[in-house]
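The values are calculated or read from the model by the stated rules, or taken from the named source; none is laboratory data. It should be emphasised that the depicted structure is a prediction, and the values quoted were computed from it without experimental measurement. All Cβ positions, glycine included, derive from the backbone under ideal geometry; neighbour counts span all protein chains shown. Surface accessibility is based on the protein's heavy atoms, side chains included, excluding ligands, DNA and RNA. Shrake-Rupley method; radii C 1.70, N 1.55, O 1.52, S 1.80 Å.
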Amino acid sequence: MHSTHYDACPECDLLLRAAQPNIGEKAHCPRCGFLLSRPRKQSIERTFALSIAGFISFFPANLLPMMGITLLGNANTGILMSGVIALFNEGMIAVAIVVFLASILFPLLHICLSLLISGHLYFNRPHRHLIKWMHCMHHLDEWVMLEVYMLSIIVACVKLMALAPLEFGWGLYAFIALIIITTLLSSNLDEALFWQRIDQLGKENQP
Amino acid sequence: MKAKKNALAQGFMRCHDCGYLTKTIDQHSLCPRCDSHLHARRPRSLQRTTALLFSSFFLYIPANIFPIMTVNQFGAGDPHTIIGGIIELIDGGMVPIGLLVLVASIVVPSSKLVGIGLLLLCAHFRWQINARRWTVMYRVIAFVGRWSMLDIFMISILVNLVNSGSVQIIAGPAATAFAAVVILTMLAAENFDPRLLWDNQQNL
């Protein structure tokens, strides 16, 4: 009875024979219905490509103005960071830090880590920090909240439309592109496969 | 002996981080693949979840009582609580958006508090329940938590854009409390181990 032939459901601890679904199939836990694995076509290649695209679109999304409003003759434009600074200047330091982490720093870190990991796997290069990077990315995943931010942009627009006319800048389009890319990225990233490949790379390169 | 189906009962532990299955029940061992600590169940799951749940419950009160933002128009301040902002949206004829904010900032946090509380009671008192249904409830709670950040992000956008001398939006003390509630309930859901629900079932 070798342990690699078995698998355990992470949510109900049922011991299972390891499922090997084909691409396009899903393996669910028979007892609790948890999605055990869902292999993706060319997961490493696609993750690599999407991380490059995400990294490129991150900068226009953060640096170009997203929205502008003209209130009583005063024109104001907003980017992600200016919202954080405005909160900071009002003394809401804790909220400013949370917004900064969830909408700027963690998405950037997540994209950089997946770029590094998939790049190393794509070129078959072992690296001693691969495991550490995987841990970081695994824990960051839940705290990347770009799509929530998008929804709050929509709500804020509806609230502001009553006040004054709005105009949208290139930053907003880049931001929408960034959200689409990060969503595709997290659905194409097959963590189980990544762990297997990292394990293989580590074993191949042992003296 | 159907209880033997559990991986732990058969002497296996699954790594939390990389999902590797190891044939050991030694709680001090490391995962052979990724070197993280192995635990059969999340360590001190119930205590941690209870602590986080109580802190978020007490922060939820100021989050709803105090104003989340103040609209200053020509020197006259108009403070809004979370509920006040939703009522204004619905009164203004923007019903779908009002309902969206209602779900994200009131229905989700309060049902999360109740839901995690029920999960804790269930795991602690070993209730005989339909574990599959409760696991689905856990999954829903863990998934929707992040969407409550909507209000916080919206404030950061409004505070930045509406700032022109005579018309100003200022964030209120409830924003900090509400952000803390969202983060603490997310951590509580993360620390709860749904396998505890299955461990207590005698008739699987």
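Here is the list for the stretch B:95-204: chymotrypsin sites (Phe, Trp or Tyr not before Pro) lying in DSSP coil, each with at most 15 other C-beta atoms within 10 angstrom of its C-beta, are B:127. Here is the short version for chain B: B:122 have no other Cys C-beta closer than 4.7 Å. Placing A:173, A:149 in order of accessible area, with the largest value first and a 1.4 Å probe, yields A:173, A:149. The 3J(HN,Hα) values that the Karplus relation (6.51, -1.76, 1.60; θ = phi - 60°) gives for the stretch B:42-48 are, in residue order, 4, x, 6, 4, 5, 4, 4 Hz. Gly and Pro appear as x.
The mean number of partner chain beta-carbon atoms within 10 angstrom of a residue's beta-carbon across peptide B:11-17 is 5.
Mean partner shielding of peptide A:31-41, defined as the number of other chain Cβ atoms within 10 Å of each residue Cβ, is 3. Rounded to the nearest whole Hz, the Karplus-based 3J(HN,Hα) values (6.51 cos²θ - 1.76 cosθ + 1.60, θ = phi - 60°) of the stretch A:187-202 follow the sequence 7, 8, 7, 9, 4, 4, 5, 4, 4, 4, 5, 4, 4, 4, 4, x, with x at glycine and proline. For chain A, the relative contact order comes to 28 percent (Cα pairs under 8 Å, sequence separation of at least 6).
Cysteines of chain A lacking any other cysteine Cβ under 4.7 Å from their own Cβ: A:112, A:136, A:157. Please give the Cα centre distance for the stretch B:103-121 versus the stretch A:66-101, rounded to the nearest Å. Computed from Cα coordinates, the inter-centre distance equals 30 Å.
Taking only alpha carbon atoms, the protein assembly as shown gives an Rg to Rh ratio of 1.01, where Rh is the Kirkwood radius. Loop-resident chymotrypsin sites (Phe, Trp or Tyr not before Pro) (DSSP state other than H, G, I, E or B) in the stretch B:47-88 with no more than 12 further Cβ atoms inside 10 Å of their Cβ: B:74. Report, in listed order, any pair from A:132/B:5; A:26/A:203; A:26/B:112; A:26/B:5; B:5/B:112; A:132/A:203 with a Cα-Cα distance greater than 27 Å. Check vs 27 Å cut-off fails for A:132/B:5; A:26/A:203; A:26/B:112; B:5/B:112. Largest GNM mean-square fluctuation across A:150, A:161, A:81, computed for chain A with C-alpha springs under 10 Å, falls on A:161. Per residue, the stretch A:1-91 exposes 52 Å² of solvent-accessible protein surface, assessed with a 1.4 angstrom probe and all protein chains in place.
Applying 1/(1 + (r/R0)^6) with R0 = 35 Å to the Cβ-Cβ distance of residue A:85 and residue B:39 gives a FRET efficiency near 0.25. Counting each DSSP H run of 4 or more residues in chain B as -39500 (n - 2.57), what helix-only mean residue ellipticity at 222 nm follows after dividing by all residues, to the nearest 500 deg cm²/dmol? Taken over chain B, the calculation gives -16500 deg cm²/dmol.
Protein heavy-atom surface of the protein assembly as shown, 1.4 angstrom probe: 63% of the accessible area is carbon and sulfur, with nucleic acids and ligands not counted. Between the C-alpha center of the stretch B:157-204 and that of the stretch B:49-79 there is a gap of 12 Å.
How many square angstrom of accessible surface are buried between B and A, both sides summed, with a 1.4 Å probe and rounding to 100? Buried area (both sides, nearest 100 Å²): 5900 Å².
The separation of the stretch A:134-207 from the stretch A:1-42, counted between C-alpha centres, amounts to 25 Å. Label zone (residue B:51, point 7 Å along Cα-to-C-beta; backbone nitrogen cut-off 13 Å) within the stretch B:160-204: B:188, B:191. Modelled spin-label separation between residue B:110 and residue B:125, with each label point placed 7 Å from Cα along the Cα-to-Cβ direction: 2.3 nm. In chain A, helices alone account for a calculated mean residue ellipticity at 222 nm of -18000 deg cm²/dmol, with every DSSP H run of four or more residues adding -39,500 (n - 2.57).
Compared with the direct C-alpha span, the chain from residue A:170 to residue A:125 gains 12.5 nm at full extension, assuming 0.36 nm per residue. Quick one: if you stick a label point 7 Å off each Cα along the C-beta vector at residue B:88 and residue B:140, how many nm between them? Distance between the two pseudo-spin positions: 3.2 nm.
With springs only between Cα atoms under 10 Å, which of B:77, B:172, B:115 fluctuates most in a Gaussian network model of chain B? Maximum fluctuation in the GNM of chain B, among the listed residues, is at B:77. Checking every one of the trypsin sites (Lys or Arg not before Pro) in the stretch A:93-188 against DSSP loop status and a limit of 16 other Cβ atoms within 10 Å picks out A:128.
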